[in-house]
Amino acid sequence: MDPASVLVVGGRGGAAIEGAAWARAARATPDRTWRVIGDCAPLRDAPPNIEVLGWVDDAAARIACAGIVVGSAGDGVVGAVLAARRPFVCLPEDRPFDEQRSKARRLAATGAALVCENAMTADWPSLLALVERRDPAAQAALDDPDGAARLAAHVLALADGERG
């Protein structure tokens, strides 16, 4: 793991990651290495401490090795970040029912993430320093590695007529 690295994760459900925002963030934090995975708009005048990797086959492994993860409040990103216990800056995307904003508020309320509403105007040096001081226990409290098996057992018990 590289504690000075920042991994920006873009998913398939939203808009492309705005390249200009990440070039600006990288310029503001020259002591950090920035990597962007997923769909990203082209970077113009990018500083040397940022790299756009595009779609990768090992996103979860990259999340686990990142010093800090920046990404949406999508289920896949949040699940991978919680499992890896990485400091997380959550950038909720607009959705018709505001589910990402709702999830981001809950993540922030539990201490599992910091929320950033606008990557382009964020004070990245301060935000990154602040998220590094978060206690990973807040994320551990939200992550249950056996959750899927427990849910399946509960559903099967309900189907068999047992009360859970």
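In units of the rule-of-thumb radius 2.2 N^0.38 Å, the chain shows an alpha carbon radius of gyration of 1.12. Computed about its Cα centre, the charge dipole of the chain is approximately 300 debye, with only Lys, Arg, Asp and Glu carrying charge at their Cβ. Dipole of the stretch 107-146 computed with +1 at Lys/Arg Cβ and -1 at Asp/Glu Cβ about the Cα centre; of Leu127, Val115, Ala138, farthest Cα towards the positive end is Leu127. Using C-alpha pairs under 8 Å with a sequence gap of at least 6, the mean separation divided by the residue count of the chain gives a relative contact order of 20 percent. Axis angle, to the nearest 10 degrees, between helix 99-110 and the longest C-alpha principal axis of the chain: 90 degrees. Taken along its principal axes, the alpha carbon cloud of the stretch 21-117 reaches lengths of 35, 26, 25 Å, longest axis first.
For the stretch 28-44, putting each phi into the Karplus relation 6.51 cos²θ - 1.76 cosθ + 1.60 with θ = phi - 60° gives couplings of 6, 9, x, 7, 10, 9, 10, 10, 10, 10, x, 6, 9, 4, x, 8, 10 Hz, in residue order, rounded to whole numbers and with x for Gly and Pro.
So what is the 222 nm mean residue ellipticity for the chain from helices alone, if each DSSP H run of at least 4 adds -39500 (n - 2.57) and you divide by all residues, rounding to the nearest 500 deg cm²/dmol? Taken over the chain, the calculation gives -12000 deg cm²/dmol. Helix 75-84 and the long axis of the chain differ in direction by around 90°, with both axes built from C-alpha atoms. For the stretch 16-73, the Kirkwood estimate of hydrodynamic radius, built from reciprocal distances between every pair of different alpha carbons, is 11.8 Å. Sparsely packed loop sites in the stretch 128-164 (the trypsin sites (Lys or Arg not before Pro) outside DSSP H, G, I, E and B with at most 14 other Cβ atoms within 10 Å) comprise Arg133, Arg163.
Using the alpha-carbon atoms, what tilt in degrees (0 to 90, nearest 10) does helix 147-159 show relative to the longest principal axis of the chain? Around 30 degrees separate the two axes.
Values in this text are rule-based calculations from the coordinates and carry no lab data. Everything numeric in this text was worked out from a predicted model, so none of it was measured. Note that we place each Cβ from the backbone using ideal geometry, even for glycine, and neighbour counts take in every protein chain shown.
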